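Here is the structure we will look at, set down as structure tokens.
The numbers here are math on the coordinates, done by the rules we state, and not lab data. Just so it is clear, the structure is predicted and the values come from calculations on it, not from any experiment. Note that we place each Cβ from the backbone using ideal geometry, even for glycine, and neighbour counts take in every protein chain shown.
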Amino acid sequence: MTTEFTGLKAIVTGAGSGIGLAVAQALHAAGAHVYGFDIAEGEMSAVAQWIYCDVASDTSVRNAFEVVSETTEVIDIVSNNAGIGSIGTILDATSEEWLNLLNVNVVGLSRVSAGAIAFLRKSKAGSIVNTCSIAATAGLPMRAVYSASKGAVMSLTLAMAADFIGDRIRVNCVNPGTADTPWVARLLSKADNPTNERAALESRQPLGRLVTASEVASAILYLASPKQASTTGTILPVDGGMFGLRLPK
Ligand SMILES: NC(=O)c1ccc[n+]([C@@H]2O[C@H](COP(=O)([O-])OP(=O)(O)OC[C@H]3O[C@@H](n4cnc5c(N)ncnc54)[C@H](O)[C@@H]3O)[C@@H](O)[C@H]2O)c1
């Protein structure tokens, strides 16, 4: 079956697991070729070409684009998912933690996007979709450093959308609520009572459940689609209603 993604070429960071893996699966199923930038191949082998890339390193990102350039001069879609978390308030955060997390979540996203611009300029439908978070728009307890990084990703999305509109490269982001991925499974496994902690996360979202990785991927494909040629600089919540709704208990 031919789709609007058939024959397109996409870079998906963090494609080995969770949301990035779901994006790689959806793009592959829709007929795109996927380059998976990740520090680990994870589960991507059936749907993406793994290219080792540590988004925290200039050299690693440069090397990854050299590998891409061996097979294509054009990239149509960049889906930035690679990210790490941190738990605690500003009283817990060390300078090392701040710099490491911002380097991966913010500078890493910028490194990959900057490396991709020359390839995206050659596309008829160049598009970047950043995976941000509900943490950018809601104050969540014990997520100070992570939330700051996602606030930066949201603002950076708008700035990038403005900077590259002349190149017809669209830039948008999704803001997922808590999503059922290996990341959240790791977090829950460290909780004193994982069952209660999961129930608390579920009830925080008005739909009463966690978001699925494939729901986030579907929103990312919507924004990345050449059919959305007029959509740029938008922030799309995928959060079970957590951003917009206030329901009586
Ligand atoms: N899971 C959630 O509840 C949730 C909610 C909102 C936003 N997000 C965001 O979604 C994105 C993906 O999260 P996930 O839940 O799928 O996580 P995950 O841990 O399942 O997957 C993250 C992937 O990123 C890769 N990665 C980590 N550091 C990297 C680096 N330096 N260079 C390259 N790759 C690296 C990992 O190897 C892994 O494959 C993150 O940016 C996260 O902030 C997640």
THR157 being touching a residue at least 60 places away in the same chain (Cβ under 8 Å), under 23 Å from ALA40 (Cα atoms) and of a type in the set (Ser, Thr, Tyr): no
What number of residues within the stretch 20-33 are in contact with a strand residue (DSSP E or B) (Cβ under 6 Å, 6 or more places away or on another chain) and crowded, with 24+ Cβ neighbours inside 10 Å? 5
Of everything in the stretch 116-125 that's buried (at least 17 other Cβ atoms within 10 Å of the Cβ) and of a type in the set (A, V, I, L, M), which residue is nearest to the ligand (Cβ to nearest atom)? ALA116
Exactly one condition in (1) in a loop (DSSP other than H, G, I, E, B); (2) out of contact with any Pro (no Cβ under 8 Å at 6 or more places or on another chain) is not met by ALA125; state its number. (2)
Would you mind telling me which numbered condition in (1) in contact with a strand residue (DSSP E or B) (Cβ under 9 Å, 6 or more places away or on another chain); (2) within 16 Å of the ligand (Cβ to nearest atom); (3) acidic (Asp, Glu) ASP163 fails? (2)
What pairs come out if I take residues in the stretch 16-41 that are without any contact (Cβ under 8 Å) to a residue 60 or more places away in the chain and of a type in the set (Asp, Glu) and pair them with residues that are surrounded by 20 or more Cβ atoms within 10 Å (Cβ to Cβ) and part of a helix (DSSP H, G or I) whose C-beta lies under 9 Å away, six or more apart or interchain? ASP38/GLY20
Out of the residues in the stretch 166-200 that are acidic (Asp, Glu) and part of a helix (DSSP H, G or I), state the one that is farthest from the ligand (Cβ to nearest atom). ASP167
Close pairs from the stretch 206-233: first of a type in the set (D, E, K, R), partner within 14 Å of the ligand (Cβ to nearest atom), Cβ under 9 Å, at least 6 apart: ARG209/ASP180; ARG209/GLU202; ARG209/GLY240; GLU215/ALA22; GLU215/PRO176; GLU215/ALA179; GLU215/VAL238
Residue list for the stretch 11-58, restricted to those being more than 10 Å from the ligand (Cβ to nearest atom) and touching an Asp or Glu at 6+ places or on another chain (Cβ under 7 Å): TRP50
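Conditions tested, residue by residue: (1) within 10 Å of the ligand (Cβ to nearest atom); (2) touching a residue at least 40 places away in the same chain (Cβ under 8 Å); (3) not hydroxyl-bearing (Ser, Thr, Tyr).
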site	(1), (2), (3)
ALA64	yes, yes, yes
VAL67	no, no, yes
ILE75	no, yes, yes
VAL78	no, yes, yes
ASN81	yes, yes, yes
GLY88	no, yes, yes
LEU91	no, no, yes
ALA114	no, no, yes
Those residues that are surrounded by 12 or more Cβ atoms within 10 Å (Cβ to Cβ), assigned to a loop (DSSP other than H, G, I, E, B) and among the hydrophobic types (A, V, I, L, M, F, W, C), I need them from the stretch 71-102; list them, please. VAL74, ILE75, ALA82, ILE84, ILE87, ALA93
Of the residues in the stretch 128-140, those that are touching a residue at least 40 places away in the same chain (Cβ under 8 Å) and either within 16 Å of ALA82 (Cα to Cα) or assigned to a loop (DSSP other than H, G, I, E, B) (or both) come to ILE128, VAL129, ASN130, THR131, CYS132, SER133, THR137, ALA138
If you go through the stretch 41-70 one residue at a time, how many are buried (at least 16 other Cβ atoms within 10 Å of the Cβ), small (Gly, Ala, Ser) and farther than 26 Å from ARG143 by Cβ? 3
